[in-house]
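Notes to accompany the following structure.
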Amino acid sequence: MPALIPPISLGWQLVRKGTGSSVPFSRLVELLVATVALTLAVTVTALAIGIATAWLTARTDLGGRRTWMVVAALPLVIPSYMAALTIIGATGPGGLFETLLGIDVPTPYGFVGAWLALSVFLAPMAHLIVTPGLRGIDPATEEAARGLGASSLRVFATVTLPQLRPAMVSAGLMIGLYTVSDFGAVSLLRFDTFTRAIYTLYAGQIDRRPAATLSVVLMVLALAILLLERRARTRAGYVAPGTRRSHRLVELTRAQRLASSGFLTLYAMAALIVPIAVLGFWLGRGLQAGAVVGAVWDEALRSVGVAVAAALVAAAASFPVAMVTTWRRKRRISNVVETSVWSVYALPHIAVGVAFIAFALGYVPFLYQTVALLLLVYVGMFMAQSVSTIQDSLRRADPDLEDASRGLGRSALQTLARVTLPITSPGILAGAALVFLSVMKELPATLLLRPNEFETLAIRIWSSTGEGFYTTASAASLALLAVSIVPLLLLTHRDLSA
């Protein structure tokens, strides 16, 4: 049902009221080119960084691999608007670089700034998806290539990368959809894409038809990306017969070890050390100047409360969906359900927000600007993350275990409780953690749908930055990072430990 509300609501709004006259065709083309160009650039860059960090930490004998695994995943807690905030704070007059190093670095507003912010902070998404894919490759294929005299580089290019295609396509889908949906980074760094234009039209005009028009175009673009991913993805089971041997780690030369450590150090500095340093710098400078930060406890409690509720509801709703879509004998309804869930995830959040406002005002006005509607939207938008992790656990499990349980006389319900649920519990917890993280960072839908006076940490960061209160924004950002680190560590323990 949630999958149908945005397209039907926006489509009906345009059919009934028309498209409005304030969105020229040239403007549509301009926004489309900008959005597609940014999406392609960010996807390619983030994939390259994520594949490099995954390979170095999972398949080489680099020292401190486990530590680097966690470090490479940690930037996932930093939302795009916080990434843009740190870029603005580190550069320009009075920024961190000029204050500490005496280097005047111009603030990279526009395409370059948005590309840098999104690429650096979306690379962990590729890292988390590609790492299990690297470990799932049968080492016999790579050993055979080496036995035929192929170099390590040629083995990686001709054997490893082709087998990583499903993981790379999935990571590219996640990164591309996030970039298409991004609102915070492009807004703060002043780069016009569909999301920034939609919010400007929605907030600045009484006539909401132009915003709805752009939302429909953006929705079509996101669904086109989803369809391309469906065509490119190869479906394969995770359970392989026999015992899978561990991979032999690639031995790095001294020069390669230094280069690899340098690359990971530079990435850690750009994605972790500089953002935390900028936030601490602004907070300290503001406190010294007598700025009043104000407590962020209320916003933190609201954020955690709604994020926990959304995670629990999404986990409960995702389990039956994952069961239906991973049946060994898949039916047509399985594909319909799976496509529906991913279609909602693919929709840009600002378009979902515009659609649900029209839906609530027209048909369920008692839900307008309520926490219940906000929670429904959160679950609908992020449920695919929970479904995918539970599906992953189900596909990795040996189906013979369930067959053995039934063969011993257990009922289907007993098998579900004593075999299936314990097997999928890591996936359920990881999915809930992903939903929690996503809700904590969510900005555009929250801006449009939140009740009056319902401020979350994301809203506090956004509003304080817009008003120039960087000390308050820094305090809220640090609080958001502190709260988000726990579920991320849960994810890294599940997906990256070897």
Worksheet item: What is the packing order of peptides 132-140, 362-370, 313-321, 298-306, taking the mean over residues of other C-beta atoms within 10 Å and listing the highest first?
Response: 313-321, 298-306, 132-140, 362-370
Fill in: Relative contact order (percent, whole number), region 423-493, Cα cutoff 8 Å, 6+ residue spacing
40 percent
Fill in: Cα-based shape type of region 250-329, given that a ≥ b ≥ c are square roots of the gyration tensor eigenvalues and the cut on a/c is 1.5
oblate
Worksheet entry | Distance in nm between pseudo-label sites at Ser334 and Leu258 (7 Å out along the Cβ direction from Cα) | 5.4 nm
Fill in: Extension gain from Trp297 to Leu249, taking 0.36 nm per residue of separation minus the Cα-Cα distance
12.6 nm
Fill in: Charge tally in the Cβ shell below 15 Å around Ala268, where Lys, Arg are +1 and Asp, Glu are -1, Ala268 excluded
+2
Practice prompt. Using only C-alpha positions, report the orientation-averaged shadow area of the convex hull of region 314-388, nm², one decimal.
Written response: 5.4 nm²
Worksheet item: Under 5 Å between amide H atoms, partner at least 5 residues away or on a different chain: which partners does Val250 have, H built in plane at 1.01 Å?
Response: Thr60, Asp61
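All of the numbers you see were taken from the coordinates with simple rules; none came from a lab. The structure presented is a predicted model; accordingly, all values stated were derived computationally and were not measured. All Cβ positions, glycine included, derive from the backbone under ideal geometry; neighbour counts span all protein chains shown.
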